[in-house]
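A.B. asks: This structure is in structure tokens; I'll ask about it shortly.
Laboratory data are not the source of any read-out in this text; all were calculated from the coordinates shown. The structure presented is a predicted model; accordingly, all values stated were derived computationally and were not measured. Ideal geometry is used to build each Cβ from the backbone, glycine not excepted, and the neighbour counts take in all protein chains shown.
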Amino acid sequence: MEYVLTHTLKVTTTDFANTGKYVDAAITAGANGVERIVFGLTKDAETKYKAESLAKATAAAKTKAASLASNAGVLLGGISSITENEFSYNPYEFYGNNLAVRSESNSQVLPQKVDVTTSVTIVYKLDQ
């Protein structure tokens, strides 16, 4: 019979500049591999970017609705309903399977952009 023991350690930090140093420290302390590193948003950042993206999505919907109404020869009236359809983002994942193999020190782990997606539906009344 063969057994495999896996121990997972989760480290949370906002100090992105030193991510590589944290990987090196784990390997020096005896870790024999780094499966992945995930760059996501803190709850505060998620709240901030959700508010910003909802404001941008709402403004874009109003601009598009005004253009459509103008092209149709009608006036944009008041709002009948607003629905938030989606808010999401995909954390950037760095797969570091080779970090332990090649790590003497100075591992390079650079964070990437996290794209936020927001969708709203606004139904406007039309005036003649």
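A.B. asks: Can you report the number of residues in the stretch 39-89 which are in contact with a strand residue (DSSP E or B) (Cβ under 7 Å, 6 or more places away or on another chain) and free of Cβ contacts under 8 Å to residues at least 12 places away in the same chain?
C.D. replies: So the count comes out to 1.
A.B. asks: Another one. I need the helices (runs of 4 or more DSSP H) fully contained in the stretch 16-128, keeping only those with at least 3 residues that are surrounded by 12 or more Cβ atoms within 10 Å (Cβ to Cβ).
C.D. replies: The qualifying helices (runs of 4 or more DSSP H) are 19-28, 43-72.
A.B. asks: Residues A17, A72, A57: which one is under 14 Å from V116 (Cα atoms) and among the aliphatic types (A, V, I, L, M)?
C.D. replies: A57
A.B. asks: Right, here's the next one. Please go through the stretch 14-62 and give me each residue that is among the small types (G, A, S) and within 15 Å of the chain's Cα centre (by Cα), ordered by number.
C.D. replies: G40, A45, A51, S53
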